[in-house]
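**Q** For reference, the structure I am asking about is given below.
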Amino acid sequence: MEIERKYLIKRLPPDYASYPHREIEQGYLSTSPVVRIRKSGEDYILTYKGGGLMVREEYNLPLDKKSYEHLRPKADGILIRKVRYNIPYQETYTIELDIFLDSLAPLILAEVEFPTEEEANRFVPPDWFAEDVTFTKQYHNSVLSQAKQMP
């Protein structure tokens, strides 16, 4: 089960580049249900995501490089490329700050995952976060993959 909130960013924190980061490439074999392939460093993953916005099922299966490269041209829509920064917050959370590249630039989103729905609902974001877009489908990566440019 994945429980996460998603936010637009009004300004980058001044020290974001000092945190661990990696480039991610992902494509969608299906957007309903969501079936995604992702390359993150040397890791290759096939993900299924169920319906929902803040709370939904998520299953991850490892892929090898050859399988990823076989599935990559089968992705529907654009391949999303982004740089993800992992920023610790309040000793409990990790903010996943995604800076999108290519046709989705200059979109920047932050996601925070939670152990429970109650905790997600109580979350107070840092002041550099802007609008909460958790319940706005247009900011789901599967929807973004169907766009030609930033929403």
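**Q** Highest mean first, what order results for 72-80, 15-23 on Cβ atoms within 10 Å? Numbers along the way, then the final one.
**A** Details: 72-80: 15.3, 15-23: 12.3.
Descending mean neighbour count gives 72-80, 15-23.
**Q** For K10, go through the lysines and keep the ones whose alpha-carbon is under 29 Å away, minus same-chain ones fewer than eight residues off.
**A** List returned: K39, K49, K82, K137, K148.
**Q** Then there's this: When the accessible area of the chain is computed with all protein chains present and a 1.4 Å probe, what percentage of it is carbon and sulfur? Provide the component values of the computation, followed by the final result.
**A** Numbers: 4130 of 8130 Å².
C and S fraction of accessible area: 51 percent.
**Q** Follow-up. At 222 nm, what value in deg cm²/dmol follows for the chain if DSSP H runs of at least 4 each add -39500 (n - 2.57) and the sum is divided by all its residues, to the nearest 500? Display every interim value, and only then the final one.
**A** Numbers: 3 runs with 17 residues, N = 151.
Helices in the chain give a 222 nm mean residue ellipticity of -2500 deg cm²/dmol.
**Q** Same structure, new question: Measuring from the lowest to the highest alpha carbon on each principal axis, how far does the chain reach, largest first, in angstroms?
**A** That works out to 42, 30, 28 Å along the principal axes.
**Q** Among the aspartates and glutamates, select those whose C-alpha is under 14 Å from the C-alpha of K65, and discard any that sit fewer than 8 residues away in the same chain.
**A** E25, E42, D43
**Q** Right, another one. Quick check for you: which residues of the range 33-57 have the amide N under 17 Å from the point 7 Å beyond the Cα of E69 toward its beta carbon?
**A** 38-45
**Q** Would you work out if the range 1-70 is rounded, prolate or oblate? Take a ≥ b ≥ c from the square roots of the eigenvalues of the alpha-carbon gyration tensor; rounded if a/c is under 1.5, else prolate when a/b is larger than b/c, oblate otherwise. The partial results should precede the final answer.
**A** Numbers: a/c = 2.44, a/b = 1.24, b/c = 1.96.
Oblate, since a/c reaches 1.5 and b/c is not below a/b.
**Q** So if we plug the beta-carbon distance of T116 and R81 into 1/(1 + (r/R0)^6) with R0 = 30 Å, what FRET efficiency do we get, rounded to 0.05?
**A** Numbers: r = 32 Å, r/R0 = 1.07.
Rounded to the nearest 0.05, the efficiency is 0.40.
The values are calculated or read from the model by the stated rules, or taken from the named source; none is laboratory data. Treat the numbers as computed from the prediction; the structure is a model and nothing was measured. Cβ sites come from the backbone with ideal geometry, for glycine too, and all protein chains shown count toward neighbours. Keep in mind that these areas ignore ligands, DNA and RNA; they rest on the heavy atoms of the full protein, side chains included. Shrake-Rupley method; radii C 1.70, N 1.55, O 1.52, S 1.80 Å.
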